[in-house]
Amino acid sequence: MIRAHALTKRYGGGRRRPRTAVDHLSFEVHPGTVTGFLGPNGAGKSTTMRMLLGLDTPTSGRCTVGGRAYATHSAPLTEVGALLEARSLHPGRSAYQNLMALAHTHGIPRSRVEHVLGVTGLTDVAGRRVKGFSLGMGQRLGIAAALLGDPATLVLDEPVNGLDPEGVLWIRTLLKAQAAEGRTVLISSHLMSEMAVTAHHLIIIGRGRLLADTTVEQFVRESGTGSVKVVSPEATRLAELLAGPGVTVESAAPGTLDVRGADAEHIGRTAAAHAVPLYELTPHTASLEQAFMDLTHHAVEYGTPGATPREAATAREGAAA
C-alpha cells in the first residue's frame, strides 16, 4: 500500500519567489487495483512520485510504500518497481547488460532478467545497445526494469508513452494482471481514453492539492457533464418548459436539443405532461476526459485562451481521433 499524509513540497525562498508544487496532499493507494494518478500539467504529479520514491525530500508530511519510507527498504527493487524516466538506463550498454547491472545490486538471478525481457517483448533485441532503441522499445525496457525485482508495488509515470496500439493493449493487460495478483499499482497518464479502460480508482490533483479520490465509474457518474439528446417537432417549446436552475439546453440543429442537468425520465415526463411529441430521447454518458476537464479547468497552468472546458475536451478528442 502507498500512503501520503499531508505531503508538501515547496521550492524557492530567499531571492527566489517560493513555489508550492505539492500542498498538504493526502491519499492512499490500495493493493489489488489499478489506481490512476491524474492532473493537469504542473499539478504536482511527478513531484509527488519523486517524493514517494525518495528522490525528492518533502518540505513537510510523509509518504510510505509498504508501510515504510522508500529509502529504508533494504532491497527496494524487490519492494517497489518504478518508471519515471525510461531513458535513464545506460545508452552504451545493451538491454540485457542494463538489466543485469540492476540485478547484481539485489542478487536477482539471470533467469529473472531473461523472464522480464520475454514479458516485455525484448528478447530478440536484448543484445542491442539502448542508444539505438526507439521510444517504444526504451519504454518497454524501463518497464522491464520496474518488473525486475517482482515487486509488490508498481509506480509508473506515463507507461504508455511511445507505445504503438499493440503495446498500449499489452501494458493495459499487464497492469491489470499485476493488480489481480494483489499488487499495488499507481500509474499516471495524460491519455484519458486509456485511463478509462485501465484504471479502476482515481486520484486527481490540481495545483498540488487533492481534487478527487474515487472510482472511475463514480467520478464520471457524478460529474454532471452527461447530456440527453432530444428530437421533437416542438423542440423550441420543450426547451422553454425544461428551462430552470441547473438545466442547460442547447440546440445543435432544428428540432434537436442537447439537454444537461435533467435526466431522460424528467424530460420524458415533462414532454408527456404538455403533450409534446418526442421522436428521440437518448442519454449520453460523460466521458472521463469531459469529467476531468470540468473538474480541473480552474487548476490548469497552461490553458487554451477563450476555450471552455467542454470545447477543450472536444478539441482533444478530435485530435486523438
Next item on the list: Please specify each residue of the stretch 24-43 satisfying the condition of being modelled with pLDDT of 95 or more and out of contact with any helix residue (DSSP H, G or I) (no Cβ under 7 Å at 6 or more places or on another chain).
Entry: H24, S26, F27, E28, V29, H30, P31, T35
Check: In the stretch 41-62, how many residues are touching a Phe, Trp or Tyr at 6+ places or on another chain (Cβ under 8 Å) and either of a type in the set (A, V, I, L, M, F, W, C) or in contact (Cβ under 8 Å) with a residue 40 or more places away in the chain (or both)?
Finding: 7
Check: Residues in the stretch 72-90 that are within 18 Å of L117 (Cβ to Cβ), in contact with a strand residue (DSSP E or B) (Cβ under 7 Å, 6 or more places away or on another chain) and of a type outside the set (A, V, I, L, M, F, W, C): how many?
Finding: 1
Note to self: Only one of L210, L169, L148 is within 30 Å of L77 (Cβ to Cβ) and surrounded by 21 or more Cβ atoms within 10 Å (Cβ to Cβ). Can you tell me which?
What the structure shows: L148
Next item on the list: Mind listing whichever residues of the stretch 101-111 are crowded, with 18+ Cβ neighbours inside 10 Å and either part of a helix (DSSP H, G or I) or of a type in the set (S, T, Y) (or both)?
Entry: A103
Notebook entry, point to check: Tally time: how many residues in the stretch 122-134 are at pLDDT 95 or above and assigned to a loop (DSSP other than H, G, I, E, B)?
Noted result: 4
Next item on the list: Filter the stretch 172-192 down to the residues that are among the polar types (S, T, N, Q) and within 19 Å of G66 (Cβ to Cβ), then identify the one that is surrounded by the most Cβ atoms within 10 Å (Cβ to Cβ).
Entry: T184
Next item on the list: Kindly provide the set of residues from the stretch 72-98 that are under 16 Å from K131 (Cβ atoms) and in contact (Cβ under 8 Å) with a residue 40 or more places away in the chain, ordered by number.
Entry: E85, A86, R87, S88, L89, H90, P91, A95, N98
Next item on the list: Look through the stretch 267-277, keep the residues that are of a type in the set (A, V, I, L, M) and more than 12 Å from R237 (Cβ to Cβ), and return whichever of them is farthest from the chain's Cα centre (by Cα).
Entry: A273
Item checked: Cβ pairs under 6 Å, 6+ apart, first in the stretch 17-34 and part of a loop (DSSP other than H, G, I, E, B), second among the polar types (S, T, N, Q) -> P31/T184
Next item on the list: Sort through V231, V185, V160, V168 and tell me the only one that's at pLDDT 95 or above, assigned by TED's automatic domain parsing to the domain that holds F133 and not small (G, A, S).
Entry: V185
Margin query: Looking at (1) surrounded by 15 or more Cβ atoms within 10 Å (Cβ to Cβ); (2) at pLDDT below 95; (3) not small (G, A, S), which one does M51 not meet, given that it meets all the others?
Written below: (2)
Note to self: Please go through the stretch 174-189 and give me each residue that is assigned to a loop (DSSP other than H, G, I, E, B) and in contact (Cβ under 8 Å) with a residue 40 or more places away in the chain, ordered by number.
What the structure shows: G182, R183, S189
Next item on the list: Output the qualifying pairs, or none if there are none: Cβ atoms under 6 angstrom, residues six or more apart or on different chains, first residue in the stretch 268-285 and at pLDDT 95 or above, second residue of a type in the set (A, V, I, L, M) and part of a loop (DSSP other than H, G, I, E, B).
Entry: A271/L278
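The values are calculated or read from the model by the stated rules, or taken from the named source; none is laboratory data. Quantities reported herein were computed from a predicted structural model and do not represent experimental measurements. Positions of Cβ are generated from backbone atoms using ideal geometry, with glycine treated the same way; all protein chains shown enter the neighbour counts.
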